[in-house]
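A short worksheet on the structure shown next.
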Amino acid sequence: QQQVKQSPQSLIVQKGGIPIINCAYENTAFDYFPWYQQFPGKGPALLIAIRPDVSEKKEGRFTISFNKSAKQFSLHIMDSQPGDSATYFCAASGSSNTGKLIFGQGTTLQVKP
Amino acid sequence: GAVVSQHPSRVICKSGTSVKIECRSLDFQATTMFWYRQFPKKSLMLMATSNEGSKATYEQGVEKDKFLINHASLTLSTLTVTSAHPEDSSFYICSASRGGPTDTQYFGPGTRLTVL
């Protein structure tokens with residue numbers, strides 16, 4: 001019940017494309033859903049996060065869509081660039097699990113020039 | 001704001017020695033710090049949660065006597081890998097949050113540990 005399932009495992013898109021990464025969770029007590037971007041050999045960096053009181057949040061080229069009834073959320077990257085090539089992790093947490101982040105398995109994105 | 005640093009960034013040690021990794025919040029006070037371990041091409045695995053001035057809470061399966069965590073101040077937490085062995089080689093990452101554990105976590109750049 002604590003798992004967060006992320007797909008796809010890897011993704012290749014052309015520059016300007018819109019990669020979409022999906023995550024599904026089981027624990028209905030989760031109330032915080034962040035996305036992190038990680039470059040090789042570096043720590044994860046917070047990209048954008050959403051709480052279940054809204055269905056969509058946009059920050060720059062990054063958009064989270066949230067479907068509470070389906071217990072799913074996704075990251076969309078608009079006008080993707082080669083510099084967006086990285087590994088993306090979704091995560092979930094809630095006060096019921098003392099705020100510990102439960103991470104998805106990660107998605108390696110490659111944006112081709 | 002919300003910058004977290006780690007030192008060292010890389011460390012190589014001999015089997016049987018102990019290694020200390022520092023995690024610092026540079027521009028904020030971190031009530032809660034977390035320590036993660038990440039294997040190549042894998043996700044982050046939470047090892048323990050620490051609150052300033054109290055004992056760390058370890059996740060199931062993590063040996064508390066092997067991975068010693070100290071959170072002595074609001075800006076510094078340390079992870080000591082005692083009697084390191086090759087299987088302890090990994091990428092160790094810390095994160096910090098300003099408030100309680102439900103606050104946003106900001107991650108450090110990670111420390112690559114190689115045990116020969």
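The values are calculated or read from the model by the stated rules, or taken from the named source; none is laboratory data. Note that the structure is a prediction, hence the values are computed from the model and not measured. Using ideal geometry, Cβ is built from the backbone for each residue, glycine included, and neighbour counts are taken over all protein chains shown. The accessibility values were calculated without ligands, DNA or RNA, using every heavy atom of the protein model including side chains. Shrake-Rupley method; radii C 1.70, N 1.55, O 1.52, S 1.80 Å.
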Residues satisfying the stated conditions in the range B:5-52, i.e. in contact with a His (Cβ under 8 Å, 6 or more places away or on another chain) and open to solvent by 70 Å² or more (accessible area, probe 1.4 Å): B:24, B:52
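Pick from the range A:1-50 the residues that are aliphatic (A, V, I, L, M) and within 19 Å of residue B:41 (Cβ to Cβ): which of them is nearest to the other protein chains (Cβ to nearest Cβ)?
Within the range A:1-50, the subset aliphatic (A, V, I, L, M) is A:4, A:11-13, A:18, A:20-21, A:24, A:29, A:45-50.
Next, only the ones that are within 19 Å of residue B:41 (Cβ to Cβ) stay: A:4, A:11-12, A:21, A:45.
Numbers: A:4: 9, A:11: 14, A:12: 16, A:21: 13, A:45: 7 Å.
Checked the range A:1-50; the qualifying residue nearest to the other protein chains (Cβ to nearest Cβ) is A:45.
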Residue match in the range B:70-87 (condition: open to solvent by 10 Å² or more (accessible area, probe 1.4 Å), within 15 Å of the chain's Cα centre (by Cα), within 14 Å of chain A (Cβ to nearest Cβ) and not charged (D, E, K, R)): no
Residue satisfying condition, being open to solvent by 10 Å² or more (accessible area, probe 1.4 Å) and closer than 23 Å to residue B:107 by Cα, within set A:88, A:32, A:36: A:32
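Given the criteria open to solvent by less than 60 Å² (accessible area, probe 1.4 Å), over 16 Å from the mean Cα position of the chain (by Cα) and touching a residue at least 12 places away in the same chain (Cβ under 8 Å), does residue A:106 qualify?
Working: open to solvent by less than 60 Å² (accessible area, probe 1.4 Å): yes; over 16 Å from the mean Cα position of the chain (by Cα): no; touching a residue at least 12 places away in the same chain (Cβ under 8 Å): yes.
The answer is no for residue A:106.
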Condition check for residue B:99: facing chain A (nearest Cβ under 10 Å) and within 13 Å of the chain's Cα centre (by Cα): no
Residue match in the range B:32-43 (condition: within 30 Å of residue A:7 (Cβ to Cβ), touching a Ser or Thr at 6+ places or on another chain (Cβ under 6 Å) and modelled with pLDDT of 95 or more): yes
Members of the range A:60-85 that are open to solvent by 50 Å² or more (accessible area, probe 1.4 Å) and either over 13 Å from the mean Cα position of the chain (by Cα) or modelled with pLDDT under 95 (or both): A:60, A:61, A:67, A:68, A:69, A:71, A:78, A:79, A:81, A:82, A:83
Residues being under 18 Å from residue B:39 (Cα atoms), touching a helix residue (DSSP H, G or I) at 6+ places or on another chain (Cβ under 7 Å) and assigned to a loop (DSSP other than H, G, I, E, B) - total across the range B:78-105: 0
Index of the failed condition, residue A:7 passing every other in (1) open to solvent by 30 Å² or more (accessible area, probe 1.4 Å); (2) more than 27 Å from residue B:39 (Cβ to Cβ); (3) modelled with pLDDT of 95 or more: (2)
Residues of the range B:55-69 satisfying the condition of being open to solvent by less than 40 Å² (accessible area, probe 1.4 Å) and in a loop (DSSP other than H, G, I, E, B): B:56, B:62, B:66
Test for residue B:108: is it surrounded by fewer than 17 Cβ atoms within 10 Å (Cβ to Cβ) and either out of contact with any helix residue (DSSP H, G or I) (no Cβ under 6 Å at 6 or more places or on another chain) or more than 13 Å from chain A (Cβ to nearest Cβ) (or both): no
Residues (within 13 Å of chain B (Cβ to nearest Cβ) and assigned to a loop (DSSP other than H, G, I, E, B)) located in the range A:69-113: A:94, A:98, A:99, A:100, A:101, A:104, A:105, A:106
